[in-house]
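Below is one structure, written out as structure tokens; the observations come after it.
Values in this text are rule-based calculations from the coordinates and carry no lab data. Because the structure is a prediction, the values reported are computed rather than measured. Cβ placement follows ideal geometry from the backbone for every residue including glycine, while neighbour counts extend to all protein chains displayed.
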Amino acid sequence: MREKVNTTTDEMMQCRSFIDLNILNCASGSKIETDYDMNEMKDLRSFTGVSTAYRTMAVSPDAKKLLFKKTNKQLYLYDTDDENQCDNYTITGIDFKHSEDTIFDIAFLDMETICLILQNREGNLYITKGAINFALKLIVICTTITFTQIVCKKHYTTTVIYDETGPVLISYPLSLQSKIRNDSPKIWLLHLSNFYSRKGIRTIIIEPSIKDKKALFCDPFIYQNCVYLFNRFESTILSVAITGKNRGRTQILNTNPDYRFQKPNNKYANRCLFLLRNIILVYCHQRLDKPNEEPQLWILELRTMTWHRLHLILNHHHPIGLVNFQKSAKEELAYLHGECGRSKCVEKVHLYQLSTTQDSIIMSYEPSNNICRRSLIDRKSNKSSKRSVSTVEVHQYTSSTSSNSTVHFNSTAIAEHIAPSLRYIRKCNRDKAKKNSHPKSSPSSSSSSTTTATTTTTTAKLIQSSQQTQLLSSSSSLSALSPSVKTTVPASKQQNSNQYGE
């Protein structure tokens, strides 16, 4: 089933294994369990990976095909469903001026076209689009080769990352300390898919302003028009606004630890990650102080900046060299590919298909009313932390047409969770009404009746005023708690309709 150790590189490129989950055990030696744990993430399928000297991989939108760089003239297409389609694809049609350029990176634009990023001897980066000819096993260049305005240079890292809509070419400084006078550190961004689908797309240059000049940054990702950079030796993240009035504005964000496992260790040399809605999945590998330490899989919730660790169960060994961790653009599938760290492993390279619809992942990005989530691994019920149920009362008042000062109230009760500020306002209003409704007694019966009538009128006015204040202060909360509740305003009181937002 597996090739021997002396298999040549080309044979290893074309040889793969579809491994049944019931055949092999995970790296820890435990058996594959049928019971599914909410804290685990398991692979769907396992393959023998593609042996290549480059850390370059692209996943098709349907998650059925993968492209790897073999040479500067050839790519290797890996089809997870059709073994006959796995073969070398030759690149043809490149302009003579760029015939000596190297393939810097690749990315799928759609099912049949890819974006090729080329690098010349000076480090300048160019992009072009290529069409995949499955019958002839060719990558045909079909557009002009365009300069990206991005240059690979010292103290900068240039790579392809993915935001919510597609691939982005990014070049960022390792630190924001200027190495050259009159040349402040900058971030270059070019959205590759938008470049070919829209007009007027160009490279964005951002000049971030930050006081911490000694921090070393790595592993960027883009979320909601901000680019985020991990601090390599700390648990903080740098956020830089890409668009709008705050463009270039930076923030240092602290990350919150997992309840049980704290945070990823800063001594992991490498991280591979991808964005999934409002979370990122981070694969940490190659720990510097403990070389034999197994890689770890973490989730970072971007709304709360809270870490959660998942127990990654793979069908075979964990990849630790030339690792790629990438999700399909349209399907809920991701691939983990890389070289094995065990010298006696026959496969040498592993490829795993993972589902992003597993419960452990869905629980992380589903909307939740809880501001701070508990650990996915050590989940315990905490009933005391739940907010008690109170009742919101919506009042509408109408004045009687008679000579007396009677006030009629129409109330609607809404049983919901009430914010502490709203409960405090209601308590103050009740205390005021209660205090004014119990005046001091008078020795004279006539004065007592007069005081009672005056108190009734005063109490009604106080209740009327307090209820108006309550409705004005809680209108936004009520709309969120029960949007279906509507109050009826009589025609004679249309002048008060604007006060209640109806």
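Structural remarks
- Gained length - Ala53 relative to Leu216, 0.36 nm times residue gap less alpha-carbon distance: 56.0 nm
- Glu207 paired with Thr357, simple spin-label distance in nm, labels 7 Å along Cα-to-beta-carbon: 4.8
- Shape of region 138-270, Cα gyration tensor, a/c cut at 1.5: prolate
- Across Lys64/Lys290; Lys73/Lys97; Lys154/Lys263; Lys65/Lys153; Lys129/Lys154, pairs whose alpha-carbon gap is larger than 26 Å: Lys64/Lys290; Lys154/Lys263; Lys65/Lys153; Lys129/Lys154
- Sorted ascending by nearby beta carbons within 10 Å, beginning with the fewest, Tyr352, Tyr76 become Tyr76, Tyr352.
- Candidates per chymotrypsin sites (Phe, Trp or Tyr not before Pro) in region 127-235, loop by DSSP, up to 12 other Cβ within 10 Å: Phe233
- Full extension of the chain between Thr165 and Lys137 yields a length gain of 7.3 nm, computed as 0.36 nm times the residue separation minus the alpha carbon distance.
- Sum of side-chain charges, Thr165 neighbourhood, beta-carbon under 14 Å (Lys, Arg +1; Asp, Glu -1): +1
- Estimated at 0.36 nm per residue, the fully extended path between Glu100 and Lys344 surpasses their Cα-Cα distance by 84.1 nm.
- The residues neighbouring Ala329, those whose beta-carbon lies less than 12 Å from its own, together hold a net charge of -4 under the Lys/Arg +1, Asp/Glu -1 convention.
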